[in-house]
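K.L.:
Here it is, the structure, as structure tokens.
The values are calculated or read from the model by the stated rules, or taken from the named source; none is laboratory data. Quick caveat, the model's predicted, so the values are computed rather than measured. When we count neighbours, we look across all protein chains shown, and the Cβ atoms used for this are built from the backbone with ideal geometry, even at glycine.
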Amino acid sequence: MAQVKLKTAAVMTAVLSLFFTSPHSYSAPYQEVSLDNTRYRIFSDGHYRVVHRDLLVLHRTIGQAHIYIFNRYQVPLPPSAEVAVTTSSAIFRDITGQSHLIGGLYLPAKRRFCFYIPGAIANLQIFHKTVYHEVMRRFIYRVRRGEEIYGREWMEEAFCEARFPLYARTEESKKKIKSLQSCREFRKTIRYALKSPEFKTYREGVILAGLWGSWNIDAYGEKFLLERIIRGTLTPWMSRACENFLKTGGRRASKKASLDKNR
């Protein structure tokens, strides 16, 4: 059993600007729990609490996801992790800028995760997928040494959603692809959606990105795509791949595409 160190919420108040992506200030009491090499800050509005058993399940799943993903790509495991857990949809939105319905998010600027109530995520039937999806996101940033590349979030989401899909691909998504006239419009649509606080819009952006990622993995291979997403540069290869993706309406590639020299 992991060693647990608990500081009571009564004696400490956390300033959520430590986690914020939004500019306004907000504070709420939290409990700090240390499990192995991971520090959890559990934020509460006083109405709900995180069941300790659920926290242990979250901790175990985060650990398993790190081992699976980092070992898969032969990268050393990070020595520690920081995780915020919120029991309030309002606090989750303040920390992440997103709806609590997404379940969780890795915040690269702060190098920490934020998850909604673990039991509630489980009820949405996306618990394990959410954890693995966000640990995959952390992996990308860790290999980049924490560097954020503005405007490339859609590429990162494409790989995470292709490897650990959160949402079912719909006919509406496929119709959306056919309606887009250019790669620039495609990228702009996803970037806008991923920043939206509206869950439906956000979900649609994730699905579109995942379709693009899956298409490229089928066409060029997982390692090839991941290396270019980690670089974060829009090469001529990627522009041509995007054009082919739109031309096919997002239909999965049936065989590996040839890799041109200028990629």
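K.L.:
Any residue in the range 88-114 that is closer than 14 Å to residue 124 by Cβ and assigned by TED's automatic domain parsing to the domain that holds residue 125 sitting within a Cβ distance under 7 Å of a residue that is aromatic (Phe, Trp, Tyr) and in a strand (DSSP E or B)? List the pairs, counting only those 6 or more apart or interchain.
P.N.:
As it stands, the answer is 103/115; 104/113; 104/115, since those pairs meet every condition given.
K.L.:
Do we have any residue at all in the range 43-54 that's crowded, with 20+ Cβ neighbours inside 10 Å, within 26 Å of residue 137 (Cα to Cα) and modelled with pLDDT of 95 or more?
P.N.:
Scanning the range 43-54 turns up no residue that is crowded, with 20+ Cβ neighbours inside 10 Å, within 26 Å of residue 137 (Cα to Cα) and modelled with pLDDT of 95 or more.
K.L.:
Further question: Any residue at all in the range 62-73 that's in the same structural domain as residue 50 (by TED's automatic domain parsing), among the charged types (D, E, K, R) and surrounded by 20 or more Cβ atoms within 10 Å (Cβ to Cβ)?
P.N.:
No, the range 62-73 has no match at all.
K.L.:
Of the conditions (1) more than 14 Å from the chain's Cα centre (by Cα); (2) under 26 Å from residue 61 (Cβ atoms), residue 135 fails just one. Which one is it?
P.N.:
(1)
K.L.:
If you don't mind, another one. Taking into account only those residues within the range 177-234 that are hydroxyl-bearing (Ser, Thr, Tyr) and assigned to a helix (DSSP H, G or I), which is nearest to residue 130 (Cα to Cα)?
P.N.:
Checked the range 177-234; the qualifying residue nearest to residue 130 (Cα to Cα) is 202.
K.L.:
Looking at residue 169, is it farther than 21 Å from residue 187 by Cα, over 11 Å from the mean Cα position of the chain (by Cα) and among the basic types (Lys, Arg)?
P.N.:
It is false that residue 169 is farther than 21 Å from residue 187 by Cα, over 11 Å from the mean Cα position of the chain (by Cα) and among the basic types (Lys, Arg).
Condition check ((1) touching a residue at least 24 places away in the same chain (Cβ under 8 Å); (2) on the phi > 0 side of the Ramachandran plot) across all residues:
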| position | (1), (2) |
| --- | --- |
| 200 | no, no |
| 203 | yes, no |
| 206 | yes, no |
| 232 | yes, yes |
